[in-house]
Amino acid sequence: MNKNRCLFCDIVSNKMNADIVYRSDSVIAFKDIHPKAPVHILIIPKEHIPTLNDLKPNHQNLIGEIFLAAQQIAKEFGLAENGYRTVFNCNRDAGQEVYHIHLHLLGGRQFHWPPG
Ligand code: 5GP
Ligand code: ZN
């Protein structure tokens, strides 16, 4: 893959397939290709933002929308009552692999704390 090509931008522009479960003007959500739990959804802004370190004050509403989408999707997938986990990984130490920010929504099993 081209060094400047972004996998998640390709999903946003439909160049790459994904199982999309939520769509708005500025956000989409789709199933993770290698799920780490019975439900594993990635919620992303359509705008290419590489890491949480690149957030600007004008992204405040966008981040709020991402969490409200997580809440809605969790409800739709029947996770709200038992619970679920949301995670943004930032850079190497957290294990970020795709450099287009994405909120992981994980549910359907028990999670441990602290995480590994
Ligand atoms: P990160 O480690 O960057 O926080 O998470 C990246 C996530 O993207 C991983 O959970 C990985 O399974 C998922 N992923 C990587 N490539 C693809 C893809 O092409 N399609 C989908 N749907 N998920 C992907
Ligand atoms: Zn991107």
Has segment 6-26 got at least one residue that is more than 14 Å from ligand 2 (Cβ to nearest atom), among the hydroxyl-bearing types (Ser, Thr, Tyr) and either modelled with pLDDT of 95 or more or more than 20 Å from residue 90 (Cβ to Cβ) (or both)?
-> yes
If only one of 48, 112 is more than 12 Å from the chain's Cα centre (by Cα) and away from ligand 1 (no atom under 16 Å from the Cβ), which one is it?
-> 112
Within segment 15-70, the residues that are touching a residue at least 60 places away in the same chain (Cβ under 8 Å) and either farther than 17 Å from residue 100 by Cα or touching a Leu at 6+ places or on another chain (Cβ under 6 Å) (or both) are 32, 36, 37, 38, 39, 40, 41, 43
Hey, among the residues in segment 22-39 that are under 12 Å from the mean Cα position of the chain (by Cα) and within 14 Å of residue 67 (Cα to Cα), which one's surrounded by the fewest Cβ atoms within 10 Å (Cβ to Cβ)?
-> 22
The lone exception for residue 74 - which of (1) farther than 21 Å from residue 23 by Cα; (2) away from ligand 2 (no atom under 16 Å from the Cβ) it fails | (1)
Please determine, by comparing only the residues of segment 60-90 that are of a type outside the set (Val, Ile, Thr) and under 11 Å from the mean Cα position of the chain (by Cα), which one is surrounded by the most Cβ atoms within 10 Å (Cβ to Cβ).
-> 69
Among the residues of segment 71-116, write down those that are farther than 21 Å from residue 52 by Cβ and without any contact (Cβ under 8 Å) to a residue 12 or more places away in the chain.
-> 75, 78, 80, 81, 110, 112
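The values are calculated or read from the model by the stated rules, or taken from the named source; none is laboratory data. A quick note: this is a predicted structure, and the numbers were derived from the prediction, not measured. Neighbour counts run over all protein chains shown; Cβ positions are idealised from the backbone, glycine included.
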